[in-house]
Amino acid sequence: MRLTVAVLFSFALVGQTLPTFEVATVKPSPPPAGDLININLGRIVNGTITFSNASLSDCLKLAYGMVSDEQLRAPDWVKSKAVRFEIVAKAPPGTPPEQIPAMLQALLVERFKMVSHMAQKQISYTALTVGKNGPKLKDSTGTGGNPSVRGRIEGHQMAMSRLATLLSRFDRQTVIDQTGLAGSYDLKLEWSPDTDVQAAEPGPGPSLSTALAEQLGLKLEARKGPLPVLVIDSVVQTPTEN
């Protein structure tokens, strides 16, 4: 049986009224220049969520808790580098942070006239798990951090789900957090993105797998199983801006 987004909302929100954003702007923006990997996870600061030069796919991943395009069945433009948007939405004071993704779902449904349903699909993925000697992670004591780029991830208050999302983008695979670690951590991960066992001239630094094990006490494991997939039945490319 297929469930629309609206029905899924009603299951999750029986007996409660979900607040809407006080103000929200959604508008097209120019695509990024060049061939650089554009990592846009969105930012939530003091109840305000911001996406800058983001694909609709980027926005949907945050709204629905997905890490990879493999978990999205949608028209090609939804994932395209050429179709980008600016989104700024401010939640009412006192809104619990855990409600904001659901509010973003409702905003995207409204502005993009989106009709969708969730499904379970068998997908090959990479599980992020704890190594045999346990994690090497420090509980978070600060905020912010340096921008993450391919070959280096650094930050404070980083959840394992966010690390998995960054690894998915940089390593171009579907990485699912299965560490069982619920905290937020200060971490720094550095590896050589050019290191490959099949490469004629491996890069100077460690591979991603080696860096995860040595620096964070984590590992990657190839798995296959059912994962939630968002299927877009219909959506418009030009959003309602206000």
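A compact table of results
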item	result
Cα-based reach from Lys113 at 20 Å (exclusive), listing lysines while leaving out same-chain residues under 8 positions away	Lys27, Lys61, Lys79
Asp76-Ser234 pseudo-label distance in nm [points 7 Å out on the Cα-to-Cβ vector]	2.3 nm
Aspartates and glutamates with Cα under 14 Å of Lys81, excluding same-chain neighbours fewer than 8 positions away	Asp35, Asp58, Asp69
Positive-pole candidate from Ser140, Gln178, Ser168, dipole of segment 122-225, charges at beta carbon	Gln178
FRET efficiency, Ser209 to Thr20 (Cβ-Cβ, R0 51 Å, nearest 0.05)	0.70
Extended-chain gain in nm, criterion 0.36 nm per residue less alpha-carbon gap, Val115 and Ser52	20.3 nm
Positive minus negative residues near Lys61 (Lys, Arg vs Asp, Glu; Cβ under 12 Å)	0
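Since every read-out is calculated from the coordinates, none of them should be taken as a lab result. These figures come from a predicted structure and were not determined experimentally. FYI the Cβ positions are ideal-geometry reconstructions off the backbone, even for glycines, and counts take in every protein chain you see.
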